[in-house]
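S.K.: Before I ask anything, here is the structure I am working with.
The values are calculated or read from the model by the stated rules, or taken from the named source; none is laboratory data. These numbers were taken from a predicted model, which means no experiment stands behind them. FYI the Cβ positions are ideal-geometry reconstructions off the backbone, even for glycines, and counts take in every protein chain you see.
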Amino acid sequence: MISLSAFLWISSLLFAIGIAGMIINRHNLVVLLMCIELLLLSVNTNFVAFSHYLNNIDGKIFVFFILAVAAAETAVGLAILMVLYRQRGTIEIDKMDVLNG
Amino acid sequence: MNIVDFHILLPEILVLAMAALVLVIGLFSGRKQSSISYTLSQISLLISVVFVWNQIGMPTLYALHNMFILDAATTLSKLMILICAIFSLAYAKPFFNENPEKTHDYCLLFLFSVSGMMMLVSSNHLIPMYLSLELLSLPLYALVTIQRTGMNAEAGMKYFAMGAFASALLLYGISLVYGATASLSLSTIANSLQLLQTQYSTMALIGLVFIVAGLAFKFGAAPFHQWSPDIYQGAPTPVITLLGSAPKIAVLIMAIRLFSQSFVTFAAHWQMIWIAVAIASMALGNIAAIIQNNLRRMLAYSSIAHMGYMLLGFVTQTPGGNAAALFYVFAYALMTLAGFGALIVASNQGFEVENIEDLRGLNSRSPWIAFMILIVMFSLAGIPPSVGFFAKVGVLEAVMSVHMTWLAVLALIFAIIGCYYYIRVVKAMYFEPVEDASPLYSSWGGKVILSLNSLIILLLGIFPSSLIDLCRAVYFS
Amino acid sequence: MTYALYILLFPLFAGSLVGIFGKPLRALPSQLLTTLGVAISFILSAILFYQFIFLNHAPINQVLYSWAVADQLHLNIGFMIDRLSVMMALVVTFVSLLVHIYSFGYMYDDPSKQRFFSYISLFTFMMLALIFANNFLLLFFGWEGVGLMSYLLIGFWFQKDSANAASMKAFLVNRIADFLFLVGIAGVFAYTHSLEFSQAFIAAPSLAQTSITLFGHPASVLTVLCLLIFCGAMGKSAQMPLHVWLPESMEGPTPISALIHAATMVTAGIYLVARLSPMYQLSPTALSVVMIIGATSALFMGILGLVQTDIKRVVAYSTLSQLGYMMAGAGASAYAASIFHLFTHACFKALLFLAAGSVIIALHHEQDMRKMGGLARKLPITYITFLCGALALIALPPTSGFYSKDSIIDAVQQLNAVGSSYTYWCLTLGVFITALYTFRCFFLVFHTPTRVDDPAHVHETSSTMWIPLIILAIPSLALGYLLFKPLIIDSPSWFGNSIVANHAALQTAAAMALDSLSHLPFWLMLAGVFTAWLCYVRFPKLPTWFATRLSLIYIVLVDKYGFDRLNDFVFVKGTRKLSQFFFAIVDVKVIDEGAVHGSGKLIAYLSQWARKLQSGYLYQYVLVMILGLLVLLFWQI
């Protein structure tokens, strides 16, 4: 039997990787979207683990909602990315600095 | 869902149904009938106002298995959200005239977002809270990008990425709280938190901090504020009238319910966290706004500062403080609407008001609009007799009543610093010469809406006590 | 209650409407609109008057709107409608209405009529707010409001430097007075925890017993409060030594002098003392101070009227002197007589000002009496009405001025308090002086050989100007006879218990008129008129002879006892020295270079830094958020 804390560690590791990806990655916006996906997956891991160990169904239900929302979110994100690419001809994060100050 | 639930949910159902209707009409109608979806949206918002109005005075009711709550706070704030939405949509009319092909999409997304706000206000469970928060935000990401210019796209992308990141933080926090309490319902969380063992308590506390970060992002409070200046600058102005006003009301109601009901056990902790966030917001917002030349960026920083003041009422954890925060956010929503609305009205074909210099000599070009902007700026600065003054007095009084005088003094110092940049706008309008002194022509509709909005601000400043009493009635029951 | 509200609202709306939309409205509709507003107010006031005086309605003391609440401090808008305020409102709206009508003619060739009418309408609103207030807050609002309108109207012709200077002077003098008044109000709040009059009245007896130590001397709290509030009254009612602004205020248009600086605003101080009579009555010290200051003003300001050459200034000094009479009456606890004199004075002094204005307009804005004379035939209506006003002013029985002034003198004579005999002699001598300067002015303007530059072109002014004169002449003559019984003799009088009444003359009006023949003031008054005739009609060289022989006195009088010189020396020069010090050392060195520029630089620096933080890079924003989150995490756990 794997302990709860193992799950928590793995999910926090995923979360940290996601954040690190957002901060370190300075070129590709698609990678950024993937990082966001990673963050949500780590949350899902958390919920499923808790739900299992607490014998409570709420967490699992929440996971389904999160999955659905994540899909919608990615759709919106990709749409905006398309617009950005058409206008600027690039999806580099470094080039997204017209708005500053 | 039984019939009682249906009555309780009627305003939200109406807005959602109308959104679906606009979607269908948008598919089948040509570009020429673009005004139909605008009219339909306004009508649906107005009918929704009537429905909410009829809910005033009802006892506290629950629907959908206690996931949805209807009480005095929700009714009042839904009313305010709808009023803000109506104003915001009316301000967008010139935008529709210029971009008829966008009208359907705009109205559709707008209505979805408004329904998200209304549901957020009423959520009594973390799942609907998360869902309505996303329903609020996702259409806004798209709305920011609606004109599909490079600036729009950049602002939209930034808003989206950071918004998604913030909701991930929020979700992570929720998952930790869920792990500690085995519950997602606000009322049961409160009970289980009191009986926690130490290691679970620490986990819940970590979750709490994550939740604070997620909500602070939605407020646009420092240090989770950095999206707002960029988005305010890059997004179309009509979108900001919505984005800057109504969501803050919804999130505040949610935050008050979440923290003062579910996290009562951690009151000392979250009070300190929010105080830190409030001070950071007031300081950063007011100081950073001074150097701004771009009006939208300036107003964005001012919104960060105002969120700090609003949080001051919330951190006192007294009914009076909550009421003061509620009054503050109402006042702020009206002011920010009028502020950005004035930018729309003062712009006309080929001339966009962007920087403070663009307002130079406005008094000689259009004295009435200049006077309306004057009212808004004085109100934002908190100069009597405007509603902004009473809003500030309210939160400061609440802070004083819990003997945090130092905090009130600090807030006052930042408010004085803040006066500078509002007065600068007034100075530009009234005392600086203008190169092109031709009279400014703007549409009657826009002028009327702006006048109405500004006069409400002035009127609430002269007779504030009716709204103050309403806000107090919400939290003193 | 609703009537009172509408009495206030009509002038407010008419005034603001004309103030905002004056230009597109054009002159005539603006004038008609404001006049209509005040006319409705007047009619409603008359209805209210009828209800309260004849139908005996009970006084109303009601909070209309709670403006803001902070702990114990309730900032309310509330009305106190009782017999006193109702009568006062009737007088104010009556005079205001006539001045509105009169201004149609007086301001005929002025380009900014809308501004003028908007101001006087708003002034009427402020004055009514002051009158109907049931707490110190609304009273102070009205108090400052009438002051504001007064400054604006004194400086109405802002092209003239003298008008601006006069406006500034009125403003500054009133600041001193209002500051002390505000301290008094704060004191009332500190001791009673309320701003309501009624609470202050209830607390007054205990406050009279409480004593505090001021500058090492014990003093009764009530006395201190009463004196502080009286300072406010001194400023507004132009009592010595805060009177200097009133003569200067004659720079404004003449209808303003009639409305604001004779009939209504300057009497606000007397109204205030009468309104707070339950407080003053318990403090003999405060009453004596009020009485002595009033008496001094009554005599010595009157004497100054003797050497003035500007027709409006003569009337202005007579106003100062009459205000002194009222104040002395209030100080002698004869509040009823004091308010009675206020009413009659409002009529005859407004009449005198408006008649003087009629003369001025007929002579094309000539105000110097040395360039007048012999106008009796040219301006018959103005002549007769001016005479009516003059007779009332010198208190010839049975004109209105006689009853009210004699009631005050009687009250003072019967009084036995500190300074009452001094007051009696000041007031009695004042009667002689009043008659002298009034008829000096009268003879110089209307009788003596004409000195007008172009006598042929002088003719009677337009009907909108002389109709108000006639309307005012009637009460100037008859009002005293009519009101003497109900206001002074009857018990209870028309005032009911709205003021403290403890003075009752025991004569009927007719008997009093006959009786006066055996009293000193009557003969002094006749002597005054005779002297004026002697000096200015019979032997016109006499005054010059006096002026050269008694040159010292003459110079002192022309110098107005040196008040201006003193002010100039002590306050203006002293303040300038002090401010130069503050400017050079404190301001430039400490505040400017240290605090303002220093903090300004600091903030600008911080602002730059905050701007750099907002780099525009997404990953940096995420980093800031994460850092913020981590700081909060490690701080709280």
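S.K.: Suppose we keep only residues that are more than 7 Å from chain A (Cβ to nearest Cβ) and not in a helix (DSSP H, G or I) within the stretch B:132-166. Which one would you say is modelled with the lowest pLDDT?
M.R.: Applying the filter and picking the extreme gives B:GLN147.
S.K.: Using beta carbons and a limit of 6 Å, which pairs, at least six apart or on different chains, have the first residue in the stretch C:204-217 and in contact (Cβ under 8 Å) with a residue 12 or more places away in the chain and the second one among the small types (Gly, Ala, Ser) and surrounded by 12 or more Cβ atoms within 10 Å (Cβ to Cβ)?
M.R.: What qualifies is C:ALA208/C:SER220.
S.K.: Moving on. Consider A:ILE36 carefully, then state whether it is at the interface with chain B (Cβ under 8 Å from one of its Cβ atoms), of a type in the set (Val, Ile, Thr) and part of a helix (DSSP H, G or I).
M.R.: yes
S.K.: Would you check if B:ILE375 is in a helix (DSSP H, G or I), over 23 Å from B:ILE291 (Cβ atoms), away from every other protein chain (no Cβ under 14 Å) and of a type in the set (Val, Ile, Thr)?
M.R.: Taking the combined requirement at face value, the residue does not satisfy it.
S.K.: Listed residues B:ILE291, B:ILE231; which is within 18 Å of B:LEU337 (Cβ to Cβ), within 12 Å of chain C (Cβ to nearest Cβ), β-branched (Val, Ile, Thr) and out of contact with any Asp or Glu (no Cβ under 8 Å at 6 or more places or on another chain)? Please lay out each step first, then the result.
M.R.: Working: B:ILE291 fails: within 18 Å of B:LEU337 (Cβ to Cβ).
Matching residue, one of B:ILE291, B:ILE231: B:ILE231.
S.K.: Additional query: Considering only residues that are aliphatic (A, V, I, L, M) and either more than 16 Å from B:ARG297 (Cα to Cα) or more than 7 Å from every other protein chain (Cβ to nearest Cβ) (or both), look in the stretch C:608-627 and name the one that is surrounded by the fewest Cβ atoms within 10 Å (Cβ to Cβ).
M.R.: C:LEU627
S.K.: Looking for something more than 30 Å from C:TRP466 (Cα to Cα), in contact with a helix residue (DSSP H, G or I) (Cβ under 6 Å, 6 or more places away or on another chain), part of a loop (DSSP other than H, G, I, E, B) and touching a residue at least 60 places away in the same chain (Cβ under 8 Å) - is there at least one such residue anywhere in the stretch C:272-291?
M.R.: Yes, the conditions are met somewhere in the stretch C:272-291.
S.K.: Also, I was wondering about something else. Say whether the condition of being more than 14 Å from the chain's Cα centre (by Cα) and closer than 30 Å to B:TYR178 by Cα is met by at least one residue in the stretch B:239-256.
M.R.: The answer is yes, given that some residue of the stretch B:239-256 is more than 14 Å from the chain's Cα centre (by Cα) and closer than 30 Å to B:TYR178 by Cα.
S.K.: If you take the residues in the stretch B:320-355 that are hydroxyl-bearing (Ser, Thr, Tyr) and buried (at least 23 other Cβ atoms within 10 Å of the Cβ), which one is nearest to B:MET400 (Cα to Cα)?
M.R.: Within the stretch B:320-355, the subset hydroxyl-bearing (Ser, Thr, Tyr) is B:328, B:332, B:336, B:347.
Filter once more, so that each one left must be buried (at least 23 other Cβ atoms within 10 Å of the Cβ): B:328, B:332, B:336.
Details: B:TYR328: 16, B:TYR332: 21, B:THR336: 27 Å.
The qualifying residue nearest to B:MET400 (Cα to Cα) is B:TYR328.
S.K.: All but one of (1) modelled with pLDDT of 85 or more; (2) closer than 21 Å to C:HIS519 by Cβ hold for C:LEU351, so report the exception by its number.
M.R.: Answer for C:LEU351: the failing condition is (2).
S.K.: Here's something else I'd like to know. Among the residues of the stretch C:441-458, what is the count of those that are crowded, with 17+ Cβ neighbours inside 10 Å and outside any loop (DSSP other than H, G, I, E, B)?
M.R.: Residues in the stretch C:441-458 being crowded, with 17+ Cβ neighbours inside 10 Å and outside any loop (DSSP other than H, G, I, E, B): 7 in total.
S.K.: So, in the stretch C:341-382, exactly how many residues are in a helix (DSSP H, G or I), farther than 19 Å from C:SER297 by Cα, out of contact with any Pro (no Cβ under 9 Å at 6 or more places or on another chain) and not polar (S, T, N, Q)?
M.R.: Residues flagged as in a helix (DSSP H, G or I), farther than 19 Å from C:SER297 by Cα, out of contact with any Pro (no Cβ under 9 Å at 6 or more places or on another chain) and not polar (S, T, N, Q) within the stretch C:341-382 amount to 12.
S.K.: Say we look at the stretch B:275-288 and pick out the residues that are within 10 Å of another protein chain (Cβ to nearest Cβ) and hydrophobic (A, V, I, L, M, F, W, C); which of these is farthest from B:ALA411 (Cα to Cα)?
M.R.: My answer is B:ALA288.
S.K.: Additional query: What about B:GLY461, is it surrounded by fewer than 22 Cβ atoms within 10 Å (Cβ to Cβ) and either in contact with a Ser or Thr (Cβ under 6 Å, 6 or more places away or on another chain) or within 30 Å of C:VAL69 (Cβ to Cβ) (or both)?
M.R.: yes
S.K.: Considering only residues of the stretch B:78-99 that are over 16 Å from the mean Cα position of the chain (by Cα) and small (Gly, Ala, Ser), which is nearest to B:LEU326 (Cα to Cα)?
M.R.: Applying the filter and picking the extreme gives B:ALA90.
S.K.: Mind checking which residues of the stretch C:30-72 are out of contact with any Leu (no Cβ under 7 Å at 6 or more places or on another chain) and among the small types (Gly, Ala, Ser)?
M.R.: C:SER30, C:GLY37, C:SER41, C:ALA58, C:SER66, C:ALA70
S.K.: Listed residues B:PHE224, B:PHE217; which is within 14 Å of chain C (Cβ to nearest Cβ), free of Cβ contacts under 8 Å to residues at least 60 places away in the same chain and under 24 Å from B:HIS125 (Cα atoms)?
M.R.: Unique residue meeting the criteria: B:PHE217.
S.K.: In addition: Report yes if B:VAL177 is of a type in the set (A, V, I, L, M), at pLDDT 95 or above and either on the phi > 0 side of the Ramachandran plot or crowded, with 21+ Cβ neighbours inside 10 Å (or both), otherwise no.
M.R.: No, not satisfied.
S.K.: Can you go through B:ALA246, B:ALA278, B:ALA222, B:ALA235 and tell me which one is at pLDDT below 90, out of contact with any His (no Cβ under 9 Å at 6 or more places or on another chain) and surrounded by 23 or more Cβ atoms within 10 Å (Cβ to Cβ)?
M.R.: After applying the criteria, what remains is B:ALA222.
S.K.: Go through (1) within 30 Å of C:PHE201 (Cα to Cα); (2) in a helix (DSSP H, G or I) one by one and return the number of the condition C:HIS57 breaks.
M.R.: Looking at each condition in turn, C:HIS57 falls short on (2).
S.K.: Let me ask something additional. Among the residues that make up the stretch C:128-138, is at least one of them surrounded by fewer than 22 Cβ atoms within 10 Å (Cβ to Cβ) and in contact with a strand residue (DSSP E or B) (Cβ under 6 Å, 6 or more places away or on another chain)?
M.R.: Yes, the stretch C:128-138 contains at least one residue that is surrounded by fewer than 22 Cβ atoms within 10 Å (Cβ to Cβ) and in contact with a strand residue (DSSP E or B) (Cβ under 6 Å, 6 or more places away or on another chain).
S.K.: If you scan the stretch A:56-75, which residues turn out to be surrounded by fewer than 22 Cβ atoms within 10 Å (Cβ to Cβ) and either basic (Lys, Arg) or within 8 Å of chain B (Cβ to nearest Cβ) (or both)?
M.R.: The answer is A:ASN56, A:ASP58, A:LYS60, A:ILE61, A:PHE65, A:VAL69, A:ALA72.
S.K.: Specify the residue that is farthest from A:VAL83 (Cα to Cα); the eligible residues are those in the stretch A:23-57 that are of a type outside the set (Lys, Arg) and in contact (Cβ under 8 Å) with a residue 60 or more places away in the chain.
M.R.: Of everything passing the filter in the stretch A:23-57, A:ASN25 is farthest from A:VAL83 (Cα to Cα).
S.K.: Here's something else I'd like to know. Quick one: B:SER183 ticks every box in (1) touching a residue at least 40 places away in the same chain (Cβ under 8 Å); (2) facing chain A (nearest Cβ under 8 Å) except a single one, so which number is it?
M.R.: (1)
S.K.: Moving to a separate point now. Being modelled with pLDDT of 90 or more and either more than 10 Å from every other protein chain (Cβ to nearest Cβ) or closer than 23 Å to C:MET625 by Cα (or both): is that true of A:ILE2 here?
M.R.: no
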